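Before anything else, here's the structure in question.
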Amino acid sequence: MTCPDTYYRRTLADNTIRPPLSGVSECETVVVGGGLAGLTTALQLARAGQQVVVLEAQRIGFGASGRNGGFVNPGFATGTDNIAAMAGVDAAQKLHRLSIEGVDFVRQTIRDLDVKAAEPRSGILSVLRHDGGAVLKAYAEQLARDFDYRLDYLDRDQVRAVLHSDRYHQGLRDPSAFHMHPLNYLRAVAGEIERLGGRIYERTAAVEANLDGAEKILRTDSGEVRARQAVVATGGYTGPLVGRLQRAFLPIATYVMVSEEAPDLIAKAITTTDAVGDNRRAGDYYRVVEGGRRLLWGGRITTRAALSGVLARQLRREMVTTYPQLEHLKTELAWSGLMSYARHMMPQIGPLQPGVWYLTAFGGHGINTTAIAGKLIAEAILGQSDRYRLFAPFGLAWAGGPAGLAVAQLTYWKLQAQDWWRERAR
């Protein structure tokens with residue numbers, strides 16, 4: 001199976017097709033999942049000289065890692081206050097530093113591998129759809145004080161000078177964050193793993209696992225892998241290979257579309273190369289691509305994927321209500337993707353049992369968190385650190401199954417209503 005039809009696939013720089021596994025393969029570590037988390041883990045292990053095998057059920061970047069908005073910025077899907085309530089203030093601060101490190105890791109990898117096709121562009125602008133400048137200023141001051149991390153405050157006039165919409169009020173610009181072409185980044189990382197001696201097999205689903213012995217055995221339809229360590233790094237498309245993982249997250253769909261080429265029309269609404277996201281729970285996120293010739297726009301979440309025509313109309317409605325001047329901007333393509341969310345809204349990272357590791361639940365803030373997760377698990381396997389223990393408070397709690405999905409959708413509708421009333425009360 002090929003990757004889904006997205007803007008990223010249509011602008012792919014490297015369309016290498018890798019063969020499926022055939023026969024028996026032996027290695028030091030086997031990684032299940034060819035997304036950002038799995039490939040980062042494999043990259044770090046290969047850099048250390050380990051023999052690594054990656055098994056991907058579809059194609060590299062098939063899941064959310066290869067079809068997201070492309071934002072690379074610090075933080076997690078839930079806020080610092082919630083993290084502190086679950087893990088303590090000191091741990092929350094250390095975790096936030098890790099999220100910053102994840103951003104730096106991706107940026108440095110792009111530089112090290114000279115991934116020009118990732119097209120990194122500095123700057124992410126977070127904007128309010130209600131009047132709340134004092135809160136933003138306080139948050140910027142807190143990050144500067146606690147982490148020596150700079151955010152630039154923009155008042156209403158400064159925001160509307162670049163985002164020509166009366167929906168927006170104040171904003172914070174992160175000059176250290178950036179946005180990129182995630183699928184081209186993934187393909188470059190995969191190529192580096194192979195250059196270092198790692199083996200990657202596509203169209204190779206792991207269908208059976210024997211993980212209890214010193215030798216971990218993963219079987220596929222046409223072969224098996226034997227390794228000393230196993231890493232399961234799957235997300236919204238996780239199958240039943242390891243039941244505890246599949247039961248520990250909710251698959252949540254999000255949506256993205258890309259416009260036709262219309263640089264003059266787009267410039268009537270947006271005159272910044274920064275990526276933009278608003279403050280709502282499942283708000284809009286968007287950025288111009290191809291030097292401003294197209295607009296990539298994402299948003300909304302549901303517990304089941306909608307048809308492409310339906311989601312395109314929904315996203316267009318959001319875009320046009322924000323920017324009426326884009327009413328005649330045509331949508332060229334729309335797509336969806338499944339993210340994995342834990343009930344506690346934090347990544348799930350750690351040991352499942354001796355020699356077996358898991359990395360999942362990166363929904364909502366994936367690129368920086370998958371990068372640091374892969375780095376931490378590689379460090380643990382190599383005996384370099386036990387920093388993964390910072391994620392111990394966020395374990396594999398049961399996500400609730402179908403009832404959990406229903407509750408998640410009801411919660412989302414409730415939060416949407418709260419956002420709507422807040423905007424109307426401004």
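Cβ contacts < 7 Å: first residue assigned to a helix (DSSP H, G or I), restricted to the stretch 369-382; second residue of a type in the set (D, E), any location; separation 6+ or different chain. Result?
Qualifying pairs under 7 Å: I372/E101; A380/D386.
Look at the stretch 168-189 and say how many of its residues are closer than 20 Å to A46 by Cβ and in contact with a helix residue (DSSP H, G or I) (Cβ under 6 Å, 6 or more places away or on another chain).
Of the residues in the stretch 168-189, 5 are closer than 20 Å to A46 by Cβ and in contact with a helix residue (DSSP H, G or I) (Cβ under 6 Å, 6 or more places away or on another chain).
So, of the residues in the stretch 75-116 that are acidic (D, E) and within 18 Å of T41 (Cβ to Cβ), which turns out to be most open to solvent (accessible area, probe 1.4 Å)?
D112
Only strands (runs of 3 or more DSSP E) wholly contained in the stretch 262-356 count here; list those with 1 or more residues that are surrounded by fewer than 17 Cβ atoms within 10 Å (Cβ to Cβ) and at pLDDT 90 or above.
331-341, 348-353
If you go through the stretch 161-199 one residue at a time, how many are among the β-branched types (V, I, T) and touching a Gly at 6+ places or on another chain (Cβ under 6 Å)?
Residues flagged as among the β-branched types (V, I, T) and touching a Gly at 6+ places or on another chain (Cβ under 6 Å) within the stretch 161-199 amount to 0.
Okay, moving on. Collect the residues in the stretch 348-366 that are touching a strand residue (DSSP E or B) at 6+ places or on another chain (Cβ under 8 Å) and either free of Cβ contacts under 8 Å to residues at least 60 places away in the same chain or within 28 Å of G213 (Cβ to Cβ) (or both), keeping them in residue-number order.
Result: Q348, I349, G350, P351, L352, G355, V356, W357, Y358, L359, T360, A361.
How many residues, within the stretch 59-100, are within 18 Å of the chain's Cα centre (by Cα) and part of a loop (DSSP other than H, G, I, E, B)?
16
Would you be able to tell me the number of residues in the stretch 41-57 that are assigned to a loop (DSSP other than H, G, I, E, B) and touching an Asp or Glu at 6+ places or on another chain (Cβ under 7 Å)?
Adding up the residues that qualify gives 3.
Looking at the stretch 1-29 only, could you name the residues that are among the β-branched types (V, I, T), assigned to a strand (DSSP E or B) and either open to solvent by 70 Å² or more (accessible area, probe 1.4 Å) or in contact with a Ser or Thr (Cβ under 7 Å, 6 or more places away or on another chain) (or both)?
V24
Run down D157, D212, D166 and say which single residue is more than 21 Å from C3 (Cα to Cα), of a type in the set (D, E) and not in a loop (DSSP other than H, G, I, E, B).
Exactly one residue qualifies, and that residue is D157.
Would you point out the residue of the stretch 367-406, among those that are open to solvent by 80 Å² or more (accessible area, probe 1.4 Å) and within 23 Å of the chain's Cα centre (by Cα), that is modelled with the highest pLDDT?
Per the criteria, the residue is R389.
Something else: Looking at P175, P182, P240, can you tell me which residue is under 27 Å from the mean Cα position of the chain (by Cα), without any contact (Cβ under 8 Å) to a residue 60 or more places away in the chain and either under 30 Å from R287 (Cα atoms) or surrounded by 17 or more Cβ atoms within 10 Å (Cβ to Cβ) (or both)?
When all the criteria are applied, what remains is P175.
Okay, moving on. Within the stretch 90-140, can you find the residues that are in contact with an Asp or Glu (Cβ under 6 Å, 6 or more places away or on another chain) and among the basic types (K, R)?
R129
Looking only at the stretch 226-233, decide whether some residue is in a loop (DSSP other than H, G, I, E, B) and either within 30 Å of E318 (Cα to Cα) or under 23 Å from the mean Cα position of the chain (by Cα) (or both).
yes
Test D81 against the stated conditions and say whether it is under 30 Å from A227 (Cα atoms) and without any contact (Cβ under 8 Å) to a residue 12 or more places away in the chain.
In short, no.
Could you check the stretch 30-62 and list, in sequence order, the residues that are open to solvent by 20 Å² or more (accessible area, probe 1.4 Å) and of a type outside the set (D, E, K, R)?
Correct list: Q44, A48, G49, Q50, Q51, A57, Q58, F62.
Now a separate question. How many residues, within the stretch 117-142, are in contact with a Pro (Cβ under 9 Å, 6 or more places away or on another chain) and either outside any strand (DSSP E or B) or surrounded by fewer than 13 Cβ atoms within 10 Å (Cβ to Cβ) (or both)?
1
The values are calculated or read from the model by the stated rules, or taken from the named source; none is laboratory data. Given the structure is predicted, the values throughout are model-derived calculations rather than measurements. Backbone-built Cβ (ideal geometry, glycine too); neighbour counts: all protein chains shown. Areas reflect the complete protein model, heavy atoms only, side chains present, ligands, DNA and RNA absent. Shrake-Rupley method; radii C 1.70, N 1.55, O 1.52, S 1.80 Å.
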